[in-house]
Amino acid sequence: MNLPALAQACGGCHGVHGEGYGEFPKISGKSEAEFTRLMSEFRSGRRAASIMNRIAQGYKEVQISALARYFKNR
C-alpha cells in the first residue's frame, strides 16, 4: 500500500498535512478511533456530506486504519 499516495488524496481538500482550511475540517491530530469512526459513518451514509460519502466508499478498512495512524501524528 502506498500510504503517501493515499494521504495525498486527502490533502487535496484537507491540506497536505490534514491541517484543514476553509470549509474543510482539520483531520490531523484526530485519534485513530475518531478518524475510523468518522470514515465509517461517511461510508455507511450515517454522516451526511456532499462528497465524503462517495470518497469513503472507495477505501478498504486496512487503508482507513493506515490513514488514521498517518494523520494522528501530523
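Bear in mind these aren't lab numbers, they're just calculated from the coordinates by the rules spelled out. Everything numeric here is computed off the predicted structure, so don't read it as measured data. A quick note on method: Cβ atoms are made from the backbone with ideal geometry, for glycine too, and the neighbour counts reach across all protein chains shown.
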(message) Checking the cross-link filter: which aspartates and glutamates have an alpha carbon closer than 14 Å to that of K26, excluding same-chain neighbours under 8 positions apart?
(response) E34
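Compute the length gained on full extension between A5 and N73: take 0.36 nm times their separation in residues and subtract their Cα-Cα distance, giving the result in nm to one decimal. Mind showing how you got there, number by number?
On the way: separation 68, 0.36 × 68 = 24.48 nm, distance 1.67 nm.
Here the answer is 22.8 nm.
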(request) Compute the Cα gyration tensor for segment 3-72, then decide on rounded, prolate or oblate, letting a ≥ b ≥ c be the square roots of its eigenvalues: rounded whenever a/c is under 1.5, prolate when a/b is larger than b/c in the other cases, and oblate in all that remain. (result) rounded
(message) To the nearest 20 Debye, how big is the dipole of the chain about its Cα centre, given +1 on the beta carbon of each Lys and Arg and -1 on that of each Asp and Glu?
(response) 120
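Tally Lys and Arg at +1 and Asp and Glu at -1 over the other residues with C-beta under 14 Å from the C-beta of L6: what net charge comes out? All intermediate terms of the calculation are to be shown ahead of the outcome.
On the way: positive: K60, R69, R74; negative: E61.
Spelling it out: positives minus negatives among the neighbours equals +2.
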(message) Less than 13 Å Cβ to Cβ from F35, Lys/Arg counted +1 and Asp/Glu -1: what total charge do the surrounding residues give?
(response) +4
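Determine the gain in length on full extension of the stretch A48-E61; use 0.36 nm per residue of separation and subtract their C-alpha separation, reporting nm with one decimal. Could you put the intermediate results ahead of the total?
Values: separation 13, 0.36 × 13 = 4.68 nm, distance 1.97 nm.
Stretched out fully, the A48 to E61 stretch lengthens by 2.7 nm.
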